[in-house]
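First comes the structure, then the notes that go with it.
The values are calculated or read from the model by the stated rules, or taken from the named source; none is laboratory data. Please read all numbers here as calculations on a predicted model, not as lab measurements. All Cβ positions, even for glycine, are placed from backbone atoms using ideal geometry, and neighbour counts span all protein chains on display.
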Amino acid sequence: MTPVIADGVATREPGVQLSDARYCVPDGSGTSRICVHRASEEGSRVTRTLLPSNHGRSRVAALLLPLALAMLLGIFWLAIFNPITRYTPGIDSGVYLYIGQQILKGAAPYRDVFDNKGPLLYLINALGLVLGRGSYWGVYVLEYCLLAGTTIVTWFLLKARVGVLVATAVTVFFVLEVAHIATGNHEEEYAVVLQSFALLLLASRPMLEPRRWSWFIAGMLAGGAFFLKPTTVGLWIAVVITVAAVCLTSGEWRRWGSRVLVGIGGAAAASAAVLVYLAAMGTLQAFAEDFLGFNIVYVGGHGLADRLASIRYGAGIIGYLATAMAIVAWLLTLRRVRRTNTLNGGADVLALIAVVWLPVEVALSATSGFSWRQYYFPWLLPTTLLLAFAVVELRSLPRRASPGKRLSLPSAAAAAIVVLALAGLLPPSATALRDLGGSLLHYRVYHSRPSQTEQLAAFIQAHTSPDDYVLVWGSHYAMVNMLARRRSPTRYVMQMVLYGQGWAERGVPELLADLKAHPPALILDSSPTRYPGSAPPLAATTNPWGSSPHAVSAAWASVYAYLQEHYRREGRVDFAPWWPVYVPRRQ
């Protein structure tokens, strides 16, 4: 038998059988155990576990390490979304918060406020606002708690498979990537939470969970992910592919097929609950038009070249070095799957899921052809799993020490793959910590400077009453309406969706009808704040959409004519970003 470094499986009592393939007994050193593996095509082999035999210390480590990792995430979360520096949510997050706020006031998503994301995202924002007593910080604290739970679940999933050291190292990678990529309050970030808990239900053991209730709940989580964003169901696609591959080799279609059907039943139950809510709110038709119809238009405007460019952009967002290590880890984990005959139940099925999962997520992230940072957040969890299994695979190679060195080549390679994956994340992580430290040292300076969004909201509150409608022209600042607690006169609070021809012919006349039905008491023209796709200024003397098809051009010309006829410019705000202010003309 060839001694090798083990997978790191802990036991409760010496000499107790772990499975049909492994026994563990003390090795006499008092610090570790020797595990004997049976029923393997490789023959018997001896493995040394990574966990100490001192049960008390193991239990303390099992409790403190994941909590420490969650605290590490909390430090970075505070550094990124820092209340001391008066952080305010961005464009997309502002829309979600505004919709959540309107839901709490009795409005219905889609019917009363347009957006193309799933309804679960808006309900999460509404819940966070309740927890925060109207403050958006309730949403960000809620998201941190959810991602901290994902961090802890990830560590526990890996610890029993690869040992404490490797599990901790790759979970640190996950935490640093979250800190590097997270934009805050986006659907992909919430979907990763659902993915992690689905993994806990289905793959907490080396074989897929046989209990049907686990599949049902995992299916409900799949339904939740779909109603966050349809492209966040990558894990469940990977699980179905994995089950099909296992059944092709084992012939157990009836056993595992029935469990997949139970999972589909769970997804159907969750979907039915969401649809019942939408129907009760009277917004089912609007949901179908905005969530399904608009997204079809959104996805259909790009070709293969754009989708490949999106993947390349994602590799840069993750970090090219981390992406390279992810590719190496994928190849090593694929080797492990083939070597241990995972398809026939010879090793951990989670490794097979990870091999299938990452390519699925890469493909889904490029579905639209657009390249937005949050699209690549679902790459993180499968990449983390692959890194862990790659380390185990490297350490299972024959231990041939290099001349004059105490560290074996496989162990050195295993360490290198983790170190290189982390290397590219260290500079931005250090910068984030430095900025956090600076904000703590200069708290009084930062705290005395309200953000531009806060100043704009205060301006609106000073010049309007709570029942007034306020239009922020240029679409990108729903957060202003949210902070000012003033409703937009139109459901197109994010007017950018009307700039493209795909939705303008229908939506622009609807915008004009909204402005006539709910005349705004105040209009702020955000056009001085340049952003790709921003609307031209209200003072434009020619139709900016003159080159568009006649129906689109005529519709926008009508909007400009109406606003210029019924509103006059009343100067501008006396602080950056110097937005022009429009008020109704006196009749």
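Scan region 195-204 and give yes if some residue there is surrounded by fewer than 17 Cβ atoms within 10 Å (Cβ to Cβ), of a type in the set (Ser, Thr, Tyr) and either at pLDDT below 95 or touching a Ser or Thr at 6+ places or on another chain (Cβ under 8 Å) (or both), otherwise no.
The answer is yes; a qualifying residue exists.
A quick yes/no check of all residues on (1) modelled with pLDDT of 95 or more; (2) of a type outside the set (D, E, K, R):
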{"position": "Tyr87", "(1), (2)": "no, yes"}
{"position": "Ile91", "(1), (2)": "no, yes"}
{"position": "Ile99", "(1), (2)": "yes, yes"}
{"position": "Tyr122", "(1), (2)": "yes, yes"}
{"position": "Glu143", "(1), (2)": "yes, no"}
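How about region 238-333: which helices (runs of 4 or more DSSP H) wholly inside it have at least 3 residues that are surrounded by fewer than 18 Cβ atoms within 10 Å (Cβ to Cβ)? Even if it seems obvious, please write down each step before you answer.
Working: elements: 253-280, 284-287, 295-299, 304-318.
Passing ranges, in order: 253-280, 295-299, 304-318.
Out of the residues in region 525-546 that are within 38 Å of the chain's Cα centre (by Cα) and modelled with pLDDT under 75, which is farthest from Arg585 (Cα to Cα)?
From region 525-546, those within 38 Å of the chain's Cα centre (by Cα) are 525-538, 544-545; that's our starting set.
Next, from what is left, pick out any that are modelled with pLDDT under 75: 530-535, 544-545.
Values: Arg530: 27, Tyr531: 29, Pro532: 31, Gly533: 29, Ser534: 26, Ala535: 22, Pro544: 24, Trp545: 25 Å.
Among those that are within 38 Å of the chain's Cα centre (by Cα) and modelled with pLDDT under 75, it is Pro532.
Look through region 465-485, keep the residues that are part of a loop (DSSP other than H, G, I, E, B) and more than 25 Å from Ala540 (Cβ to Cβ), and return whichever of them is farthest from the chain's Cα centre (by Cα).
Narrowing region 465-485 to residues part of a loop (DSSP other than H, G, I, E, B): 465-468, 474-477, 485.
If we keep only those that are more than 25 Å from Ala540 (Cβ to Cβ) as well, we get 465-468, 485.
On the way: Ser465: 37, Pro466: 35, Asp467: 36, Asp468: 35, Arg485: 28 Å.
My answer is Ser465.
With respect to Leu208, is the statement that it is aliphatic (A, V, I, L, M) and either at pLDDT 95 or above or assigned to a helix (DSSP H, G or I) (or both) true? If you could, list the steps in order and put the result at the bottom.
Numbers: aliphatic (A, V, I, L, M): yes; either at pLDDT 95 or above or assigned to a helix (DSSP H, G or I) (or both): no.
Taking the combined requirement at face value, the residue does not satisfy it.
Return the residues of region 550-578 that are in contact with a strand residue (DSSP E or B) (Cβ under 9 Å, 6 or more places away or on another chain), closer than 25 Å to Ala517 by Cα and hydrophobic (A, V, I, L, M, F, W, C); say none if nothing qualifies.
Filtering region 550-578 for residues in contact with a strand residue (DSSP E or B) (Cβ under 9 Å, 6 or more places away or on another chain) gives 563, 566-573, 578.
Subsequent filtering for residues that are closer than 25 Å to Ala517 by Cα retains 563, 566-570.
Result: Leu563, single match.
Which ones in region 427-453 are hydrophobic (A, V, I, L, M, F, W, C) and free of Cβ contacts under 8 Å to residues at least 40 places away in the same chain?
Of the residues in region 427-453, the ones hydrophobic (A, V, I, L, M, F, W, C) are 430, 432-433, 436, 440-441, 445.
Selection gives Ala430, Leu441, Val445.
Of all residues in region 439-460, how many are over 12 Å from Leu524 (Cβ atoms) and either among the aromatic types (Phe, Trp, Tyr) or surrounded by 16 or more Cβ atoms within 10 Å (Cβ to Cβ) (or both)?
Restricting attention to region 439-460, the residues satisfying the condition of being over 12 Å from Leu524 (Cβ atoms) are 439-451, 454, 458.
Add one more test, that the residue is either among the aromatic types (Phe, Trp, Tyr) or surrounded by 16 or more Cβ atoms within 10 Å (Cβ to Cβ) (or both), and what stays is 439, 443, 446, 454.
Residues flagged as over 12 Å from Leu524 (Cβ atoms) and either among the aromatic types (Phe, Trp, Tyr) or surrounded by 16 or more Cβ atoms within 10 Å (Cβ to Cβ) (or both) within region 439-460 amount to 4.
Take the residues in region 72-114 that are part of a loop (DSSP other than H, G, I, E, B) and of a type in the set (S, T, N, Q), then tell me which one is farthest from Ile181 (Cα to Cα). Walk me through it before giving the result.
Taking region 72-114 first, the residues part of a loop (DSSP other than H, G, I, E, B) are 81-90, 105-108, 110-112, 114.
Within this subset, residues satisfying the condition of being of a type in the set (S, T, N, Q) are 82, 85, 88.
Values: Asn82: 16, Thr85: 19, Thr88: 17 Å.
Of everything passing the filter in region 72-114, Thr85 is farthest from Ile181 (Cα to Cα).
Which one of the conditions (1) surrounded by fewer than 22 Cβ atoms within 10 Å (Cβ to Cβ); (2) within 18 Å of the chain's Cα centre (by Cα) does Thr168 fail to meet, given that it meets all the rest?
(2)
What is the residue count in region 223-266 for residues that are of a type outside the set (D, E, K, R) and within 20 Å of the chain's Cα centre (by Cα)? Break it down into steps so the answer makes sense when it comes.
To start, the set of residues in region 223-266 that are of a type outside the set (D, E, K, R) comprises 223-228, 230-251, 253, 256-258, 260-266.
Retained after the next criterion (residues that are within 20 Å of the chain's Cα centre (by Cα)): 223-228, 230-239.
Counting residues in region 223-266 that are of a type outside the set (D, E, K, R) and within 20 Å of the chain's Cα centre (by Cα) gives 16.
For region 182-191, give me each residue that is closer than 10 Å to Phe377 by Cβ, surrounded by 23 or more Cβ atoms within 10 Å (Cβ to Cβ) and not acidic (Asp, Glu).
Those that are closer than 10 Å to Phe377 by Cβ, surrounded by 23 or more Cβ atoms within 10 Å (Cβ to Cβ) and not acidic (Asp, Glu): Ala182, His186, Tyr190, Ala191.
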